[in-house]
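The values are calculated or read from the model by the stated rules, or taken from the named source; none is laboratory data. Not measured: the values here are computed from a predicted model. All Cβ positions, glycine included, derive from the backbone under ideal geometry; neighbour counts span all protein chains shown. SASA here: full protein model, heavy atoms, side chains in, ligands and nucleic acids out. Shrake-Rupley method; radii C 1.70, N 1.55, O 1.52, S 1.80 Å.
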Amino acid sequence: MESAGQESSPASYPRVKPDFKSELESFRTETLAKADTQEKNCLPTAADVQSEKAQRSVIEGIEGFDASRLKHAETKEKNPLPDVEAIQAEKGVQRFIEGIESFDTKTLKHADTVEKNPLPTREIIEEEKRA
């Protein structure tokens, strides 16, 4: 491919330095290490092709869907309101919670704690050890 204004003659090629040229000419290919060429198969497997076809068919089905084929449907609204018993139970719970929250602790009477199961004295413990 020649573009306008450029010639394709050997004189227009870039010049190679003489020491580099002599290096290339004296290079021995026997010094290269042997390498095995590994060919990789970049082709998709049959399963990949099949799954891609399935995806493509789903997308085409969605894009080509005719909404005029749909039937009209009437929605029936069921009674979302709770029945009377549930309302009464909820009110009872709310009254119970309000009673606890509005409880006045000043109406409580003072009570002294009396220990009814006192610990045994040393004398009682020693008597039990002897027995």
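Measuring from label point to label point, each 7 Å out along Cα→Cβ, what is the Lys17 to Glu90 span in nm?
9.0 nm
Out of these labelled values of Rg and Dmax of the Cα atoms in Å, [x] 15.6, 47; [y] 14.5, 51; [z] 48.9, 127, which was calculated from the coordinates shown here?
Evaluating Rg and Dmax of the Cα atoms in Å on these atoms matches [z].
Using helices alone, I'd like the mean residue ellipticity at 222 nm for the chain: each DSSP H run of four-plus residues gives -39500 (n - 2.57), total over residue count, nearest 500.
-13000 deg cm²/dmol
Quick one: net charge of Ala54's neighbours, Cβ under 12 Å, K/R +1, D/E -1?
With Lys, Arg at +1 and Asp, Glu at -1, the neighbours total -1.
Counting only protein heavy atoms and a 1.4 Å probe, tell me what percentage of the chain's accessible area is made up of carbon and sulfur.
With neighbouring chains kept in place, the figure for the chain is 55 percent.
What net charge do the residues around Thr121 carry, taking every other residue with its C-beta under 12 Å from that of Thr121, with Lys and Arg at +1 and Asp and Glu at -1?
Cβ neighbours under 12 Å give a net charge of -3.
Could you provide, to the nearest whole Å², the per residue accessible area of region 1-127 with probe 1.4 Å?
The answer is 110 Å² per residue.
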